[in-house]
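These notes are about the structure you will find just below.
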Amino acid sequence: MSELGLREPLIFELSKPGRRAPSQFPPETAVAGDLSDGDRGAAPGAARGAGVPAYLRRLSRPHLPEVSELQVVRHFTRLSHLNFSIDSHFYPLGSCTMKYNPKACNTYAMLPEFLGRHPFAPGPQGFLACMYELQEMLKEITGMQAVSLSPMAGAQGEFAGVAMIRAYHQHRNDAARMEIIVPQAAHGTNPATAAMCGCTVKEIPCDKSGGIDLDALEAAAGPATAGIMLTNPSTLGVFEHRIADVARIVHKAGGLLYYDGANLNAILGKVRPGDMGFDVIHMNLHKTFSTPHGGGGPGSGAVGVGPRLLPFLPIPLVGLQEGRYRWLTEADLPDSIGRLSGFMGNAGVNLRAYVYMRMLGRRGMVRVAEYAALNANYLMKRLTDLGYEAAYPARRASHEFIITLKSESRRFEVTAMDVAKRLLDFGVHAPTTYFPLLVPECLLIEPTETETKEELDHFCGAMQEIRREMEQEPEKLRTAPHTMPVRRLDDVRAVKQLDIAWKPAP
Amino acid sequence: MPFIPHTPTDVSEMLSVIGAESIDELFDEIPEALKAAALEGVPTGRSEMEVARLLTERAAADGRLLNFIGAGAYEHHIPAPVWAIATRGEFYSAYTPYQAEASQGTLQLIYEYQSMICALTGMEAANASLYDGASALAEACLMAIRANRGSESRRILMPRTVNPTYAKVAQTIARHQGVEFEAPAFDRRTGRLSIDALKGSMASGGYAALVIQQPNFFGNLEEIDALTDWAHANRMLVIAVVNPVSLALYRPPGEWGSEAGGSGADIVCGEGQPLGVPLACGGPYFGFMATRLSHVRQMPGRVVGRTVDTEGRPGFTLTLQAREQHIRRSKATSNICTNQGLLVTAATIYLSLLGPEGLERVAASCAERTECLVQALTRIPGVAAAFDTPRFHEAVLVLDRPVPPVLAALAERGIAGGLDLGASHPELGHAMLVCATETKLDRDIEAYANALRDAIESPSAARAQLEERA
């Protein structure tokens, strides 16, 4: 069973006026002394004396919790017990690559010299050497000519990629190309990104075996085509083996090819996006290169480009000149699409990816793809042997695969969501549900290379038991989960009676 | 290789279940012609001990500077519990909380975070964070254009008192949607915006929004009431860019403007880094964003709401998802998927530890330390404060010679002395931006003053001064 903790009050409910964690206060100075216990009622800003005009001062203190240090430690430790995580649970969340995040990556990215460095302090050669070498390794792995680490997440990497495609066409006086082609199965960020870049979206269908419908592509590509956004392997979990034809069609029409790196884990060291004909790629360092997901970020969405897009890379990136590393800026790349962050992207995330890649090395990279594929194909076979239906049974799984519960949902009136929720009771995080939208009642399952055979077998055992429940006691699925800190939540009420911030009682 | 647990027996058993001869066979759908050669450009793998040695040596070579740079990233004391808890695997290695029942820890924490951001800013609704302060402002500009129903304009006033990098990032991100920016000048005497200058710059057709950074890029405090009233009178929304620590001392954006009730900034955003996040060579940080309830559906990013489960017990879940890319695809408010969850975790723990009094003490100490710094440095001949306006924890100093050689000489003495404003604000002359937070003791300030005196008298700086005069 999952062994999560019990529910925990809000930190505001633990608060008591006048309680503090005073060892965290700055040293007393003559001025701060004004705020000592005897003067607690003093108006904020009084400490600034006559320097601050009264109309700029805050009149009442913000409602932040007033708690002791131990209360804080205990509260957040208890909250942590309410989470599934890779460190504690199998997390086969398709398309998200929830692999082990090695502890060393965090420990050595958090060395005090790295943490204490201001981004505008003079060029730290040690840190910049790591960033430069990371760019070089990512170039090699993707078959691209240059890499910028500045995008702060996959979606920002996508934005940078499409913005570069637009810049390319504009520089060729071909700016009427405003259409981005995406396959129906694409992740929602692809069309959303195209729209943010001012482009329109043209969706094309997939064929029965999960590949791109080449006839539809041929018909869609033309003088308005800016480019196509693809993952390969696709979001359907299969490799698009006619990728060379796709590239030929799109390039012939004058468009460029964008590689969404969501599924790069599947092909690491096996086949390179640059060799497949892609002009630009974003990588999710938080997936393939194992930086932490952190409960929803920070990610890092490094972009790589082929020769056509070199001048447009987002700044800053690290250059090496006369034996010294430095940040390249507008002055070095005048045609850059510009800056995407206040400083240097998610520098510390990039450093974690660097540590990971140095530990793996060139052979380790290839083994990532190999064992991710082994685990995925093994799971797919075991689940189909248990009676589950693979969405593309004739195809190899890549690093992930789709199970469709279409027939089960009809026969037993249970949904993919019910199965996902019931899995939580077995101590397994749910696979991705209802994505891609194309496959009804689907579970997208990605075990990753760092899981043992025993863990996969435990998952299969749970799925076998769930299958029995489906047939014999389906209500158990419909009302799952049963062992979590909460039961299913009322999402409709969450929207209708919107409560998104605690307020003190009047 | 190092993190793959398979034994040779595992591999052969698994392959036999699959019905494949080898792992290579699993890649038989990839055309042979496309298969990659060995990755010569990637070094061979190293043990943790070897990589640890490499990183430790590189970090040591970078060393540590006594830091007086701010300009959007601020050095504060970070309480030990903050990262001890934030790096717990249960927070560190969890995904976005899509499966609410198995993510109540992350979800409740984000709800508490949203509540704290609302409390600090005086607003009604906050999101679960954006990438950083600069990109948060870009998103705020796009949001203002969607939310301002009273104006057709796609133009935004982004004054030169706003962090220049933020202005560039907003330009990078928003220009594809036809958004244009105008950059009104500031009052050279006060280093803040003047209503008269703004009035003079008004174009016909108006603007969708006015961006007010408080304290502004120079550290000066803007006259927020007059600016807010003027923007609202001209059908603009007000986007406030604020330092969250400063909000313990200064009027929250929700209370800006003189009209009782219906006033205040419309969208608030800023850099969350000062709340327990280390400088770390530039990131990861996080952006915060808050608004009025009436605009909440135009706000990008994740939002967590409190609701009840099927047994009526309270619980937390992602809400208002109809705005987001996975539902709305090309019609979403933004393509953003993630927030900066780990940094939000740190910030929520930080704000809980400091509480209302601690945060106020930190802010007051920063302001006091900066006044001490300015006094100490301006006693040196050839160094003057550019403005005599009320400020928070940064100040512009004007030197009698070019700044870069002086900063280089300071760096040789182990001091990161400030940010040269020559490129971004040449109108200020030989200007640099300096900052002191609560972390700077009297002896640090003294060390800086001594080093600056030395640097100014050093041969290279003296040469620069001579060249300047010639």
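None of the figures in this text is laboratory data; all of them are computed from the coordinates on show. No experiment lies behind these values; they were computed from the predicted model shown. Cβ sites come from the backbone with ideal geometry, for glycine too, and all protein chains shown count toward neighbours.
Numerical summary
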| read-out | value |
| --- | --- |
| Cβ crowding within 10 Å averaged over residues, with A:115-128, A:439-452 ranked highest first | A:439-452, A:115-128 |
| Euclidean distance of C-alpha centroids, segment A:310-331 and segment B:185-225, integer Å | 34 |
| Residue mean of other protein chain beta carbons inside 10 Å, A:206-218 | 0 |
| Centre separation in Å (Cα based) which lies between segment A:419-444 and segment B:132-147 | 34 |
| Taking only Cα atoms of the protein assembly as shown, radius of gyration then Dmax in Å | 27.7, 94 |
| Average other protein chain Cβ within 10 Å of Cβ, residues B:430-438 | 1 |
| Net charge of neighbours whose Cβ lies under 11 Å from the Cβ of A:Leu59, counting Lys and Arg as +1 and Asp and Glu as -1 | +3 |
| Descending principal axes extents, chain B, alpha-carbon based, whole Å | 81, 58, 49 |
| Relative contact order %, chain B, counting alpha carbon pairs below 8 Å whose residues are six or more apart | 19 |
| Total formal charge among the other residues, if their Cβ is under 14 angstrom from that of A:Pro122, Lys/Arg +1 and Asp/Glu -1 | +1 |
| Where the Cα pairs of segment B:80-348 fall when distances are cut into 10 Å bins, in % | 7, 30, 36, 19, 7, 1, 0 |
| Under 13 Å from A:Lys453, Cα to Cα: aspartates and glutamates that are on another chain or at least 8 residues apart | B:Asp10, B:Glu13 |
| Taking the convex hull of Cα positions in chain A, its mean projected area over all directions (nm²) | 29.3 |
| Residue pairs, from the table A:Lys503/B:Lys199; A:Lys287/B:Lys331; B:Lys168/B:Lys331, whose Cα atoms sit over 31 Å apart | A:Lys503/B:Lys199 |
| For q = 0.09 Å⁻¹, Debye-computed log10 I/I(0) when each Cα of segment B:297-451 counts as one equal scatterer | -0.53 |
| Helical segments meeting 30 Å axial Cα length and Kyte-Doolittle -0.5 threshold in chain B (DSSP H) | B:341-378 |
| Sequence ranges B:336-343, B:450-457, ranked by mean other-Cβ count within 10 angstrom, highest first | B:336-343, B:450-457 |
| Helix runs (DSSP H) in chain A reaching 27 Å along axis by Cα, Kyte-Doolittle at least -0.5 | A:347-385 |
| For segment A:368-491, Kirkwood radius (reciprocal of mean inverse C-alpha pair distance, Å) | 14.7 |
| Stokes-Einstein D for segment A:321-394, Kirkwood Rh over Cα pairs, 10 °C, 1.306 mPa s (µm²/s) | 92 |
| Sorted largest first, extent of segment A:92-229 alpha carbons per principal axis (Å) | 56, 43, 26 |
